[in-house]
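Since the structure comes first, as C-alpha cells, the remarks are kept for the end.
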Amino acid sequence: MVNEPRPFRPRISARLAYTLHAGLAPNPFYRRLAAFVEGRPRLARWFTSGERAVKERLFGCRMCGQCALPVTGYACPMTCPKQLRNGPCGGVSADGSCEVDRSLRCVWVTAAERAGSAGRGGDLDLLQRPADNREWSRSSWLNYWQGRDEGLTTALGDG
Ligand code: SF4
C-alpha cells in the first residue's frame with residue numbers, strides 16, 4: 001500500500017545525491033547482481049524493502065518503480081499530490097507553495113532549485129514518459145540496472 005502523495009523535501013543535498021548516484025550507475029556487475037536478485041523472490045523482496053526504507057526516508061519515495069530522481073534534482077515528482085512528472089500545475093503560487101497544501105512547497109519548485117544549484121537545471125527540459133502503473137512497488141534500482149529505464153526520458157522533439 002503506497003502512502004498518499006505530499007510534497008517532500010529531500011533530506012540530503014542535491015550534490016550529495018548526484019555523487020552517490022554516480023556509484024550506482026549501471027555496469028555489468030550491477031546488471032548481474034540485479035539478475036541474481038530477481039531470480040530469488042525472497043531476496044528480491046528483501047532488496048526491495050531495503051530500497052523502500054532508504055528512499056522513503058531520504059526522498060519520500062512512493063515506489064513507482066521508474067525513478068525520475070536523477071533528472072529532477074532528486075525531488076520525487078510522485079510526491080506531488082497530482083503526481084505530475086513533467087513540471088508543476090498551474091496552481092503553484094507565487095511564493096512556491098503547493099495548490100493542494102499551501103503549507104508545503106511545490107515539489108517542482110524544489111526540483112528546480114536543487115537541479116539549478118548543482119548545475120543540472122537543463123534536466124528539467126527533458127520530457128518524462130508516463131509512469132507505467134504495473135511497475136508500482138517494484139524496485140527501481142533493479143529496473144535501472146537491468147536497463148528498463150532507458151526510455152523514461154526523452155528530449156523534447158525526439159518523440
Ligand atoms: S522510484 Fe518513483 S516514487 Fe520513488 S523516488 Fe523514484 S520517482 Fe519517486
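The values are calculated or read from the model by the stated rules, or taken from the named source; none is laboratory data. Values in this document were obtained by computation on a predicted structure and should not be read as measured data. As a convention, Cβ positions derive from the backbone with ideal geometry for all residues, glycine included, and neighbour counts pool all protein chains shown. Surface accessibility is based on the protein's heavy atoms, side chains included, excluding ligands, DNA and RNA. Shrake-Rupley method; radii C 1.70, N 1.55, O 1.52, S 1.80 Å.
What the table shows:
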read-out: Selected residue (criterion: most open to solvent (accessible area, probe 1.4 Å)) from residues of segment 64-107 that are among the β-branched types (Val, Ile, Thr) and either assigned to a loop (DSSP other than H, G, I, E, B) or free of Cβ contacts under 8 Å to residues at least 24 places away in the same chain (or both); value: VAL100
read-out: Subset of segment 38-63 (residues that are among the acidic types (Asp, Glu), open to solvent by 50 Å² or more (accessible area, probe 1.4 Å) and closer than 23 Å to ALA14 by Cβ); value: GLU56
read-out: Filter result (part of a helix (DSSP H, G or I), open to solvent by less than 80 Å² (accessible area, probe 1.4 Å) and out of contact with any Leu (no Cβ under 6 Å at 6 or more places or on another chain)) within segment 17-37; value: ALA17, TYR18, HIS21, ALA22, TYR30, LEU33, ALA35
read-out: Test for ALA53: is it touching a Leu at 6+ places or on another chain (Cβ under 7 Å) and at pLDDT 95 or above; value: no
read-out: Residues located in segment 124-147, provided they are farther than 21 Å from GLU4 by Cβ and part of a loop (DSSP other than H, G, I, E, B); value: LEU126, ARG129, SER139, GLN146, GLY147
read-out: All positions within segment 1-41 that are of a type in the set (A, V, I, L, M, F, W, C) and under 23 Å from GLY73 (Cα atoms); value: VAL2, PHE8, ILE12, ALA14, LEU16, ALA17, LEU20, ALA22, LEU24, ALA25
